[in-house]
1. Can you tell which of Glu156, Glu22, Glu210 shows the greatest fluctuation in a Gaussian network model of the chain with Cα springs below 10 Å?
2. Between Ala142, Ala183, Ala216, which gets the highest mean-square fluctuation from a Gaussian network model of the chain, Cα cutoff 10 Å?
3. What share of all Cα pairs of the stretch 2-255, in percent, falls into each consecutive 5 Å distance bin?
4. Using the Cα centre of the chain as origin and beta-carbon charges of +1 (Lys, Arg) and -1 (Asp, Glu), tell me which of Tyr119, Ile158, Ile21 is placed farthest towards the positive end of the dipole.
5. For Lys249, list the lysines whose Cα falls under 24 Å from its own Cα; do not include residues on the same chain fewer than 8 positions away.
6. Report the residue, chosen from Gly241, Gly48, Gly224, that carries the largest GNM mean-square fluctuation when the chain is represented by alpha-carbon nodes joined by springs under 10 Å.
7. Okay, helix-only estimate at 222 nm for the chain: each DSSP H run of n ≥ 4 adds -39500 (n - 2.57), divide by all residues, round to 500 deg cm²/dmol; what do you get?
Amino acid sequence: MIIEFLGTSGVGKSTLIPVLIEFLRDDGLPAMTAIEAIHFYMRKTCVGRLVCCLMPPALQGPILWRVFSWFILKFSIAKFAMENPRLTSYVVESQLHRPIPRRHRWLILRLFFQMAGWYQFLKYRLQQNEALILDEGFVHRATHMFVSESEPLYAEQIVSYLKWIPRSDLVIWVQAPLDTCLARIHSRGIQARLRNLGTSDVTRLLANAEQVVSIAAQYLSDTGYNIIQVENNSDLTTSTGELRRQLSKRLAHLAT
């Protein structure tokens, strides 16, 4: 099972991921983040078994991550592009035509294809009784690829992108008021990409991201995705309780 999160920066996706993993494990479903799953499955590869035999435990993880990043990830990205040519070409073309700084454009493309490579490596290894958690998967990437503080939003661009992405088993749509998201962003340390923006630009960027999330959520709902909505305001106890309640109902539905 592949589970993705959808929500703007600051809604609290990272806060809810441990809650989700704990719930799934308590329910008997082994759950891992993408990084945890990569480390786990790399140890099962031929090179992973060799490294584990030859290297002390303290070095095994760092070495396997470097092997994955330098070699296996590149192969996985190429394989993903071959299996998803329309999505790949649309992502590249849409970013090349955006009026944004070059460094921003290449950052978006690098993060997208890194995530795509992770997905490609894991999708063939994930077992039926395991859950993979993508906090910034294909659905969430729409908030990176079609949002800035100055560009107009085009719903058809977002829908065209979502039409080609690999379909996940469940999407968790996390929401929080704009003011709450802004406060969380500033309290944890603003992202490097946003540090040169003024307060009004950051607010506008986040408001635009909220619109993209709404468009994406509507499309997912209209096309039959399994999607649940969670309000994650300042009351974390209520938010986690609501997440658990909705997960219980949805997983029971998926099991039937």
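Quick note: the coordinates plus some simple rules give every number you see, no bench work behind them. Quick caveat: nothing in here was measured; it's all calculated off a predicted structure. Neighbour counts are summed over all protein chains in view; Cβ atoms, including those assigned to glycine, are modelled from backbone coordinates with ideal geometry.
1. Of Glu156, Glu22, Glu210, the most mobile in the Gaussian network model is Glu156.
2. Largest GNM mean-square fluctuation: Ala183.
3. 1, 6, 12, 16, 18, 17, 14, 10, 5, 2, 0
4. Tyr119
5. Lys13
6. Gly224
7. -19500 deg cm²/dmol
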